[in-house]
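Below: one structure, written as structure tokens.
The values are calculated or read from the model by the stated rules, or taken from the named source; none is laboratory data. Remember, predicted model here, so these are calculated numbers, not experimental data. Methodologically, a virtual Cβ is constructed for each residue, glycine included, from the backbone with ideal geometry; neighbour enumeration extends over all protein chains shown.
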Amino acid sequence: MKIVVAMSGGVDSSVAAALLAEAGHEVIGVSMQLYDQRDGKAEFGNCCTLDDLQDARRVASDIGIPHYIMNFERQFEETVVSNFVREYTVGRTPLPCTHCNSDLKFSTLLDRTLGFGGDRLATGHYARVEQQADGRYMLKRGTDLAKDQSYFLFSLNQTQLAHATFPVGGFNKVQVRHEAQRLGLRVAEKPDSQEICFIPNGNYAKFVSNRNPSVMRKGNIVDQRGSCIGHHEGVHHFTIGQRKGLGISTPKPLYVLELSSQTNTVVVGPRTQLDQTKLTAIKTNWIACNAPTEWMQVRAQIRHRHTAAPGRVRELKNGQAEFCFDEPQPAITPGQAVVFYDNDTVIGGGWIDIRS
């Protein structure tokens, strides 16, 4: 089988490529160049840097497979970075890793894979794909729940899943590093990337304001009654559930409850007011079943590190869905993904639009 492997230069994708080659598949390694790195112009990045691309190329050489670097600067800017800036501008908290993994890696790289005459596109994600007897492809959590990345892949469709393979999805991180050592990979001890790749210093607000200076509008911080208790330099500095950095002094801790780019206000209140039970999702994608017209019992995950909690979901109009938790959950945040699970199987998911 001919398999194209997306190689980031990290240990997970390197092991994925090496295992597939060891199994006798015809493997082609590809890496994505996501931003201009000529003449020291690396504007951002602790992922897919020149060093990472070189690591991927050296690993490919070591395991004896061809390797290509593909320029996706325009696609990355349009699909990931611009979306990130737009979302923060309107008071939402974006999830760039999902857009990068689903909308860029799988949409764009799958086209390239088919262009190579490839049968499968492999990545180093901690997730699994299984085909049912009826032919439907199921997306499942990785065996290592601490590293599971199925949350970021909820928007994959049946065509993409039919061509997807995740060789390390059945391993935990310790086992992956052990495999890297066994296979003699030079990246066996390379540390994982923890930050958003294009904001290595973690200063989201500065990045957004540099890209869109119009967001730097002074506004009011108000309590739930609408009384002004402070001021801010732009709603892009805040996210739902934030406590630190509000710039106000109160007897009891206050948390960001709501953001409005239209009124340019930040609403704050006590911790108890963060808990909500309902949300509406947009741009939903259903993997394990057709969109449920009646209430369906599932568990929903509203952040990468959130433990999926039980509730019920049903389809609304125009690709929307309504979800109700059995118990209130903290900091349901517009702009983040909500992913529905049945045990370790991804039922579907969408983008949080409204919480109530």
- Of residues in the stretch 108-153 being of a type in the set (S, T, N, Q), surrounded by fewer than 17 Cβ atoms within 10 Å (Cβ to Cβ) and in contact with a helix residue (DSSP H, G or I) (Cβ under 9 Å, 6 or more places away or on another chain), the one nearest to residue 346 (Cα to Cα): 131
- Query: Within the bounds of the stretch 224-243, is there any residue that is over 23 Å from the mean Cα position of the chain (by Cα), over 29 Å from residue 330 (Cβ atoms) and not aromatic (Phe, Trp, Tyr)?
  - Reply: no
- Going through the stretch 305-328 one residue at a time, which ones are surrounded by fewer than 21 Cβ atoms within 10 Å (Cβ to Cβ), over 20 Å from residue 157 (Cα atoms) and out of contact with any Lys or Arg (no Cβ under 7 Å at 6 or more places or on another chain)? 305, 306, 307, 312, 325, 326, 327, 328
- Listing of strands (runs of 3 or more DSSP E) fully contained in the stretch 107-153 that carry 1 or more residues being at pLDDT below 95, touching a strand residue (DSSP E or B) at 6+ places or on another chain (Cβ under 7 Å) and within 18 Å of residue 307 (Cβ to Cβ): none
- Message: Return the residues of the stretch 77-107 that are surrounded by fewer than 21 Cβ atoms within 10 Å (Cβ to Cβ) and of a type in the set (Gly, Ala, Ser); say none if nothing qualifies.
- Response: 82, 102, 107
- Message: Yes or no: the stretch 119-126 includes at least one residue that is out of contact with any Phe, Trp or Tyr (no Cβ under 7 Å at 6 or more places or on another chain), of a type in the set (Val, Ile, Thr) and in contact (Cβ under 8 Å) with a residue 24 or more places away in the chain.
- Response: no
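Output the helices (runs of 4 or more DSSP H) that fall wholly within the stretch 1-99 and possess 3 or more residues being closer than 30 Å to residue 264 by Cα and modelled with pLDDT of 90 or more, or say none.
Counting at least 3 such residues, we get 82-89.
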- Task: Given the conditions (1) in contact with a helix residue (DSSP H, G or I) (Cβ under 7 Å, 6 or more places away or on another chain); (2) within 14 Å of residue 218 (Cα to Cα), report the number of the one that residue 255 does not fulfil.
- Result: (2)
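Okay, residues lined up against (1) part of a strand (DSSP E or B); (2) in contact with a Leu (Cβ under 7 Å, 6 or more places away or on another chain); (3) at pLDDT below 95; (4) polar (S, T, N, Q):
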| site | (1), (2), (3), (4) |
| --- | --- |
| 244 | no, no, yes, no |
| 250 | no, no, yes, yes |
| 257 | yes, yes, no, no |
| 268 | yes, yes, no, no |
| 282 | yes, no, no, no |
| 298 | yes, no, no, no |
| 314 | yes, no, no, no |
| 322 | yes, yes, no, no |
